[in-house]
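The values are calculated or read from the model by the stated rules, or taken from the named source; none is laboratory data. Computed from a predicted structure; not experimentally measured. With ideal geometry, Cβ positions are generated from the backbone for all residues, glycine too; neighbour counts draw on all protein chains shown. Heavy atoms of the whole protein, side chains included, go into the accessibility calculation; ligands, DNA and RNA do not. Shrake-Rupley method; radii C 1.70, N 1.55, O 1.52, S 1.80 Å.
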Amino acid sequence: MAANQADPGGDALMTSSGDLSADLHRRIRAGEFAVGSKLPTNAELMATHGVSKATVTKAIAALADAGLVFSSKRAGTVVRSQTPVQIPLSRYGQILAPGGTRGPWETATAAQGLDGHMELVSVERVLADAEMAELLNLSEGDGLVYRVRHALIRPADVVQLQHAWYPAALAEQAGLDSTGKITGGVYGALAAAGHRPATATETVSARMPTEAEAAQLRIGGRVAVLTLDRLTRDAAGQPLEFLRAVAPADRLQLSYDNLPL
C-alpha cells in the first residue's frame, strides 16, 4: 500500500492507530503533555488528525496498556506518572521508636523528595475467616479490626492499596480501631502499646489488576500489579498484623537492603 493510500477504514496510513499512538507517546515523553494533564478529547484528535473514532480509541488504549495514560468518563484521558517509588526494607527499623511523626511510607518517600501521605479509607470490625484465623493465630469468628488505606503522593497520586487485619484486642490497645491518623505509623503505635514488631515475612508476586484495582490505581487493565503479603510478629512469634498491598509494577520498587547471608 502506498504511503498516501487510504486504508479500508478511511484513514491514511500515516494516521493509523499505531501512528497516532506513537505521535502521542512522543509528545508525552517530550513534556508537551505533562503528568496530570489531559490529552485532547477524542473529538479533537479526530478533527486534528482526520481519523475515525475507532482509530482514536485504539490509539488511546495502546497508551493505557503502556501505562502512559488513564481514561475515565469523568476525567477524560489523563497523563499518568511513572515515577518509581523505592521502598527499602530499612523503612521498618526507622519508625519503631514511639513518638515519631512519619510512618514507613512517609519516611521512604521523603527520602526521595516526594510528598508521601497515607490516606485512611475505612476502619471496620470484622470476624476472622479461616484464612485470617490461621495467619493471625486465632479462631474462626474471633474479632478483627480491618483497615483500608491508600499510600499516595500528594495531591492524589495513589501508588499502593493497603488492606490490613489486626486482632481486635491488640488494635484497641494501639488505637488502630480509630478513624484518626496514626501519627508515626502503625508500627510505632504497636510499639508504644507494648507490642513491638520484631520480624516480618513478605511474599511478593505479580498479576493483572482487577477492574476495581485498575480504577483506584488509575492504570489500564494490562498494566501488571505487584502484590505484597506481609505477616508481622513480635519477638515471641505472636502475629500482630497481616497486610495485603497492591501497587502498579511500574511504580513500586521494593528494596531488600543489607540482608544477612
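For the stretch 52-67, does any single residue satisfy the condition of being assigned to a helix (DSSP H, G or I), of a type in the set (G, A, S) and under 30 Å from W165 (Cβ atoms)? Within the stretch 52-67 (the criterion being assigned to a helix (DSSP H, G or I), of a type in the set (G, A, S) and under 30 Å from W165 (Cβ atoms)), the answer is no, since none of the residues qualifies. Looking only at residues that are of a type in the set (S, T, N, Q) and part of a helix (DSSP H, G or I) in the stretch 103-128, which one is most open to solvent (accessible area, probe 1.4 Å)? Looking at the filtered set, the residue picked out is T107. If a residue must be among the small types (G, A, S) and either at positive phi or surrounded by 19 or more Cβ atoms within 10 Å (Cβ to Cβ) (or both), how many such residues does the stretch 225-255 contain? Within the stretch 225-255, residues that are among the small types (G, A, S) and either at positive phi or surrounded by 19 or more Cβ atoms within 10 Å (Cβ to Cβ) (or both) number 3. Quick check: is even one residue across the stretch 175-197 open to solvent by 20 Å² or more (accessible area, probe 1.4 Å), within 18 Å of N137 (Cα to Cα) and part of a strand (DSSP E or B)? Scanning the stretch 175-197, I find no residue that is open to solvent by 20 Å² or more (accessible area, probe 1.4 Å), within 18 Å of N137 (Cα to Cα) and part of a strand (DSSP E or B), so the answer is no. Within the set R91, R125, the sole residue that is at pLDDT 95 or above and of a type in the set (K, R) turns out to be R125. Residue pairs whose Cβ atoms lie under 6 Å apart, sitting 6 or more positions apart in sequence or on different chains, and linking a residue in the stretch 119-139 that is polar (S, T, N, Q) to a partner that is not in a loop (DSSP other than H, G, I, E, B), are S122/V148; N137/P239; S139/A133. Filtering the stretch 197-209 for residues that are of a type in the set (V, I, T) and closer than 19 Å to E119 by Cβ leaves an empty set. Of the residues that make up the stretch 216-224, is at least one within 20 Å of the chain's Cα centre (by Cα), open to solvent by 20 Å² or more (accessible area, probe 1.4 Å) and among the aliphatic types (A, V, I, L, M)? Yes: the stretch 216-224 contains one or more residues that are within 20 Å of the chain's Cα centre (by Cα), open to solvent by 20 Å² or more (accessible area, probe 1.4 Å) and among the aliphatic types (A, V, I, L, M). If the condition is being under 17 Å from T101 (Cα atoms) and without any contact (Cβ under 8 Å) to a residue 12 or more places away in the chain, then the stretch 166-211 contributes only G180.
Restricting attention to the stretch 205-220, does a residue exist that is farther than 23 Å from L120 by Cα and in contact with a Phe, Trp or Tyr (Cβ under 9 Å, 6 or more places away or on another chain)?
yes
A206 satisfies every condition listed in (1) out of contact with any strand residue (DSSP E or B) (no Cβ under 6 Å at 6 or more places or on another chain); (2) closer than 30 Å to K73 by Cα; (3) of a type in the set (G, A, S) except (1).
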